[in-house]
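Below is one structure, written out as structure tokens; the observations come after it.
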Amino acid sequence: MKKLSNLIDKAKGIKKKKIVVVEGQDLPVLEAIKQAIELEIIEPILVGEKQSIEKALKETEIPLNKVEILNSHSPEESAKNGISLVSKKLGDIVMKGLIPTDTFLKAILNKEWGLRTNSILSHVALFEIPNYHKLLLITDAAMNIAPDINQKIHITKNAVNFMKNIVEEKPKVAFLTHNEKVKPGVQASEDAAILSAMAKRGQLGEIIADGPLALDNIISKEAAEHKGIKSEVSGDTDIIICPEIMTGNALYKSLTYFAKAKAAALIAGAKAPIVLTSRADSAETKLYSIVFAVVNS
């Protein structure tokens, strides 16, 4: 796929998904929900104080008959009731509304009724970049601060799982560092080399992977060839695995603000896709994030 709008076409071709919005009176979130309703790809369940939700629905001009409202009296109750629905498979996607992120994630990780799996949670961001020839996924820009090798294994598998419905062939994965050479004593470089070896032995799923690779070698085949690097991944990468959160976050924001890239972002590694967008995210990003979740639920 070359554009995030292609995801909409894909989402329209599958059954509508039930999306549970925790504290569903959030106006910017409801604007995105409204667009997704009009695309006929979701059935929303809004959890929170009923009167506040109804007021917000009126402001956003969403008909009451287009949503289901589950009344609750506190953010904690909303989180438990909403996330429990998804845990019981009565909902397909969960989305953060007007609730503190800590409260939301604490509920996600609840051992009794949450959405925990054997994996860790990780942030996946799918970008449409003007000067890149296809969609590119970057991870992790928001969840894991300094992942060790075991966490990077989970992060990689989460990313691959969320790209299997996007790419037609084996996803091409690049392990990002500052240099293409393995540097003993440099953790990111050593981890990239180990992960590449694991990928070649099929331990990370059906993927083609390489690393360590610097960013220019990842996105430009010409740059890689100039350095004498022969890689199936260079210039045709589907997924970039960042070494730690600062790199991932800087790359995410650089693409957004400098390259004017469009984005869709989710939390992976749970029983269901989690839409957790920032207040600063555009309405378009919120919509594409919902669509990305629909395609992967």
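Each reported figure results from applying straightforward, stated rules to the coordinates on display, with no laboratory input. Remember, predicted model here, so these are calculated numbers, not experimental data. Here the Cβ positions follow ideal geometry from the backbone for every residue, glycine too, while neighbour counts run over all protein chains shown.
Things worth noting here:
- 10 Å beta-carbon shell around residue 2, net charge (K/R +1, D/E -1): +1
- Structure note, pairs 55/262; 16/271; 183/262: Cα-Cα distances above 26 angstrom occur for 55/262; 183/262.
- Taking 7 Å steps out from each Cα toward its Cβ at residue 52 and residue 249 produces label points 2.7 nm apart.
- Peptides 163-174, 248-259 ranked from most to least packed, by the mean per-residue count of other Cβ atoms within 10 Å: 163-174, 248-259.
- Extended-chain gain in nm, criterion 0.36 nm per residue less alpha-carbon gap, residue 164 and residue 150: 2.9 nm
- Exceeding the 32 Å Cα-Cα cut-off - candidates 66/172; 80/200; 50/253; 227/260; 181/286; 227/286: 66/172; 80/200; 50/253; 181/286; 227/286
- Farthest toward positive dipole pole in the chain [+1 Lys/Arg, -1 Asp/Glu at C-beta], among 194, 277, 28: 194
- Between the stretch 213-270 and the stretch 36-65, the alpha-carbon center distance in angstrom: 37
- Net dipole in debye of the chain [+1 Lys, Arg Cβ; -1 Asp, Glu Cβ; about Cα centre; nearest 20]: 500
- Separation in nanometres of the label points that stand 7 Å from Cα toward Cβ, at residue 110 and residue 232: 4.4
- Neighbour net charge for residue 234 - beta-carbon separation under 12 angstrom, K R +1, D E -1: -3
- Radius 15 Å from Cβ of residue 262, net charge of other residues (Lys, Arg +1; Asp, Glu -1): +3
- Dipole-positive endmost among 174, 132, 67 within the stretch 53-175 (Cβ charges, Cα centre): 174
- Antiparallel %, DSSP beta bridges [both residues in the chain], to 5: 30
- With a Förster radius of 25 Å applied to the beta-carbon distance between residue 178 and residue 257, the computed FRET efficiency rounds to 0.70.
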